[in-house]
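No value in this document is a laboratory result; all are computed from the given coordinates. Every value quoted in this text rests on a predicted model; they were computed, and no experiment measured them. Virtual Cβ from ideal backbone geometry, glycine too; neighbours counted across all protein chains shown.
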Amino acid sequence: MATNEELISRFYTAFGQRDFSSMNACYSEDIVFSDPAFGMLQGDEVRAMWEMLCTNGKDLVVSFSNIQALDEEYYTCNWVAKYTFSKTGKKVVNYIKAHMRIKDGKIIEHSDAFKLSKWAAQALGWKGEFFGWMNWFKRKVQNNARKSLFTFMDKKSIPQSH
């Protein structure tokens, strides 16, 4: 049986290869995910998000490091995503801290932490830099990300749980 560190390494290696099927194979059936851009997602929403990001991320480069066990279930690691944000054509370098809970060889909870205002400044330009720290702007970014995800799911005929 693979170690939890190997599971995390397999997940991010697959992400770097834009292999969403292998990424999603690392998750439990009822995976729960959250991050500042998409908010809370569950199950098929999480799997569809990775498929959408891998499919749309034509120049996506992912690196990861510092996988650490906090105890027998909880792990963290750092990862970096470099890509062109498709809606604006602007280059983004996003530094992320992942927190994962692993049980029975599968990731059952996954949250990514990053400063949304820093991401917005890179991805959206002056508007993101000027407004990115404001709660209403963060909600707008999250609503747009979720709308893109649900549109992607509709096109793929993936049922939504919201």
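Things worth noting here:
- Only DSSP H runs of four or more residues enter the estimate; each adds -39500 (n - 2.57), and after division by the residues of the chain the mean residue ellipticity at 222 nm equals -12500 deg cm²/dmol.
- Selection from Phe137, Asn56, Phe150 lying farthest towards where the dipole of the stretch 50-162 points positive, charges on Cβ: Phe137
- Cα lying deepest toward the dipole's positive end in the stretch 4-114, options Ser111, Met40, Gln17, charges on Cβ: Gln17
- Filter on Lys82/Lys140; Lys82/Lys115; Lys90/Lys147; Lys91/Lys115 - keep pairs with C-alpha separation over 18 Å: Lys82/Lys140; Lys90/Lys147
- Two-site label geometry, Thr3 and Thr76: point separation in nm, points 7 Å out along Cα→Cβ: 1.9 nm
- Cleavage-rule hits (trypsin sites (Lys or Arg not before Pro)) in the stretch 1-102: DSSP loop, at most 16 neighbouring Cβ within 10 angstrom: Lys58, Lys87
- The alpha carbon convex hull volume per residue for the chain rounds to 108 Å³.
- Applying 0.36 nm per residue to the separation of Ser65 and Lys115 and subtracting their alpha-carbon distance, the gain on full extension is 16.1 nm.
- Mean sequence separation of contacting Cα pairs (under 8 Å, at least six apart), scaled by the length of the stretch 4-114, corresponds to a relative contact order of 26 percent.
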